[in-house]
Amino acid sequence: MRYISTRGQSGSLTFSDVLLEGLAPDGGLYVPEEYPQLTWQDVLKMRTWSYNEIAVHVLKMFIGSDIDDITLRRIVWTSYDPRVFGSFDITPIQPIANGVGLLKLSNGPTLAFKDIALQLLANLMDHVLCERDEYLNIVGATSGDTGSAAEEAVRRRSRLRIFMLSPWGRMTPFQQMQMYRIRDPAVFNLVPDGNFDDCQAAVKLINADTAFKERYSIGAVNSINWARIVAQVVYYVYGYSRVVAHSGELLTVSVPSGNFGNALAAYVAGKMGLRMNILVATNDNDVLTEYFHTGTYRVRTGAEVTQTQSPSMDIASASNFERFMFDLVGRDSAQLRALWCELAQTGSFTWGYRNDPDSAITIRSGTASDAEVTKTITLVFDQYGIIIDPHTAVAAKVFFDQKTMGPALIAETAQPAKFEEAIKRALGIRMLIPQSCRHLLQNEERITRINQTDPAAIAYEMKELIEAVVD
Ligand SMILES: *Cc1c(COP(=O)(O)O)cnc(C)c1O
């Protein structure tokens, strides 16, 4: 299995190379040369397999001979430890109504679905780095969930360190606890004054310093890493095997979307041969819904991004969208480059998407406002006795609006306990800190404060710390 860049001006690479590389040198994203295929008979056979068995099988189709079977099996079981995730199902399905279930993706260590991708990513990276006798220092910025999921994933990995910037006083107490109280010698929290954009600008400055980057093996675990997508394809294959009873039946999945990683994974499962009806659900930052309704993809300016109750979906552009467009333009990279050139110059492009009745995949899209999210949380609790978080509520609202038939899964991407305010607003209930996170309260906060707001000054102090730790 080899990987090519969507922009068509970089050479093809193996899975291991793509894993460590991130963005392609030509600025494009890596995609497989072709999608491996699964038949419905293959998937029906998986009905009795455990999640991890399915994971090994699906991952192998994308990794090829790069990693041997025994190693891959060990990596999967380390990443998805049933004792951590609470069951052998890893992403269990909770039935809520006739034929409709919640696909629970948030049972990992940080109680959000980012764990599924990042736990695997860190273990795969650790393995490849070990084989090459290399180390990687991950540098990133976070305003919320990605930070803790990445830090939890790097914990106890021998070849990885992580240096994470987060804006002082801007995250929820729960998120601060999850990041700042992690006790691990490889985890460094740097907390400057200023906002998330300043943090992100500082990371960009560090990445622009190629000499520093090389000397200190600086890398990232950003949302465009192909391995993260593959990890997410697994739970759609798993979901299909569990709820689809007949040959080639259509499965509806409703996916709360921001950077389009999760929905893209459902699309890839469709490209592999499963019949998927994908509902791309957005909050008021509706870049994707606008695209699927009008054919125009328009990125937002920073000032246009609104803060919602589902902050992990508050995006200005959908970073994985390029992979989808690459297929849509018939994998013509010259055409894709022209569209992205137009995007850079004008902030938008138009290239319509139409559902093809002969295709295994249909895509629809919808938006839920903050008020609708609150209403949906109340409705789901009243009707089914289940508390869902505001991200999941976006997907639930869009699903209820569509009135689809047949088996359906709503992707649950975070646990409600992480969003105390939203739950209190909808239900008047105060959520407690879940048992699995209580141990963190016993740890001291471990952060390095940076009393700066200027990105250049933040980057300077971050580099000093990295030098001190690495040398
Ligand atoms: C990241 C995230 C999303 C959005 O997923 P994408 O892959 O970026 O579309 C939705 N919900 C939660 C809780 C998240 O953390």
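The values are calculated or read from the model by the stated rules, or taken from the named source; none is laboratory data. What you are looking at is a predicted structure, and each value in this text was computed from that prediction instead of being measured. Cβ: placed from backbone, ideal geometry, glycine included. Neighbour counts: every protein chain shown.
Tabulated data
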item: Qualifying residue in segment 311-324 (condition: more than 15 Å from the ligand (Cβ to nearest atom), assigned to a loop (DSSP other than H, G, I, E, B) and among the acidic types (D, E)); result: no
item: Cross-chain or 6+ apart pairs with Cβ under 6 Å, segment 376-389 first and more than 16 Å from L103 (Cα to Cα), then part of a helix (DSSP H, G or I) and within 16 Å of the ligand (Cβ to nearest atom); result: T376/A393; T376/A396; T376/K397; I377/A393
item: Boolean, S247 is over 14 Å from V58 (Cβ atoms), away from the ligand (no atom under 11 Å from the Cβ), assigned to a loop (DSSP other than H, G, I, E, B) and in contact with a helix residue (DSSP H, G or I) (Cβ under 6 Å, 6 or more places away or on another chain); result: yes
item: Residue satisfying condition, being among the charged types (D, E, K, R) and either under 22 Å from L120 (Cα atoms) or in contact with a Leu (Cβ under 9 Å, 6 or more places away or on another chain) (or both), within set D17, D26; result: D17
item: Among residues of segment 188-212, those that are under 28 Å from L432 (Cβ atoms) and without any contact (Cβ under 8 Å) to a residue 40 or more places away in the chain, counted; result: 0
item: Some residue of segment 59-66 being at pLDDT below 95, over 30 Å from L343 (Cβ atoms) and in a loop (DSSP other than H, G, I, E, B); result: no
item: Residue that is in a strand (DSSP E or B), crowded, with 24+ Cβ neighbours inside 10 Å and either modelled with pLDDT of 95 or more or out of contact with any strand residue (DSSP E or B) (no Cβ under 8 Å at 6 or more places or on another chain) (or both), where the choices are I162, I116; result: I162
item: Total residues in segment 213-244, condition modelled with pLDDT of 95 or more, more than 16 Å from the ligand (Cβ to nearest atom) and of a type in the set (A, V, I, L, M, F, W, C); result: 1
item: Members of segment 269-310 that are surrounded by 21 or more Cβ atoms within 10 Å (Cβ to Cβ), away from the ligand (no atom under 14 Å from the Cβ) and polar (S, T, N, Q); result: N277
